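Where a number appears in this text, it was derived from the coordinates with a stated rule and is not lab data. Not measured: the values here are computed from a predicted model. When we count neighbours, we look across all protein chains shown, and the Cβ atoms used for this are built from the backbone with ideal geometry, even at glycine.
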Amino acid sequence: MFRLHFNRTGRQPTTWLLDVPIFTVCPNCGFVPHEALRYVGSRYGYVGSFTCSSCGARVSITDGDCRPPVRFTAAVPGDPQRSFIYEDVYRLNWADLERAQAVTRTTLIPPGEKGYVDVAAALRALEAEVVRLGVPHAQAPLPDGVSWVPLPMRAWLDALHTLGV
Ligand SMILES: [Zn+2]
């Protein structure tokens, strides 16, 4: 189960990560372990930390108090940083979900002003549509600077790409 928050009040409806697997990166050496981190927001902006298995740098992970972007900072001279807006990398923005809703003719964003999007259910709806149409699986290109994404998000990106969303 992986989920997003949504809020359709205000000027522009938005979605942001609630419980989604993220890739990590070492800003010191660029190493990306092929192992997902379960991102469930932060406490006052602190998400967690890890030691890079390639260069040994200590890397801390922070966010905007449960809001994007998620930032990686290596504790080495110069404090190199990398940050990602995973909602963009993963195509989990409001507009992406609206297009997925249109393609699957399924309600993926529940009614109401605020709540949660069940991304796993949305992925099942997309994959069912791929099967129904019988279109060949197409692998989605990843954005610049992103070399790997965890499996459920890879499947999500590929299903959107396959359906031409
Ligand atoms: Zn490293």
Total charge dipole magnitude, the chain, about the Cα centre, Cβ charges on Lys, Arg, Asp, Glu only, Debye to nearest 20: 200 debye
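So, by mean Cβ neighbours within 10 angstrom, what's the order for 124-135, 17-28 with the highest one leading?
In descending order of packing, they fall as 17-28, 124-135.
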Order of T15, T107 - criterion: other Cβ atoms within 10 Å of each residue's Cβ, fewest first: T107, T15
The chain - percent relative contact order, Cα under 8 Å, separation 6 or more: 23 percent
Charge tally in the Cβ shell below 12 Å around R43, where Lys, Arg are +1 and Asp, Glu are -1, R43 excluded: -2
Per-selection Kirkwood Rh - the stretch 89-162 (Cα, Å, 1 d.p.): 12.9 Å
Helix 119-133 axis, angle to the chain major axis (alpha carbon atoms, nearest 10°): 50 degrees
Between 0 and 90°, nearest 10: helix 94-104 axis offset from the chain longest Cα axis: 40 degrees
Net charge over other residues, Cβ less than 13 angstrom from the Cβ of F23 (K, R count +1; D, E count -1): +2
With Cα atoms, 0 to 90° folded angle of helix 151-162 axis to the chain main axis: 50 degrees
Cα Rg, Dmax (largest Cα-Cα span) when computed across the chain, Å: 16.8, 54
Student exercise, the stretch 87-165 dipole from Lys, Arg, Asp, Glu Cβ charges, in Debye to nearest 20: 240 debye
Dipole of the stretch 3-86, positive direction: furthest Cα of T24, G10, T73, with charges on the beta-carbon: G10
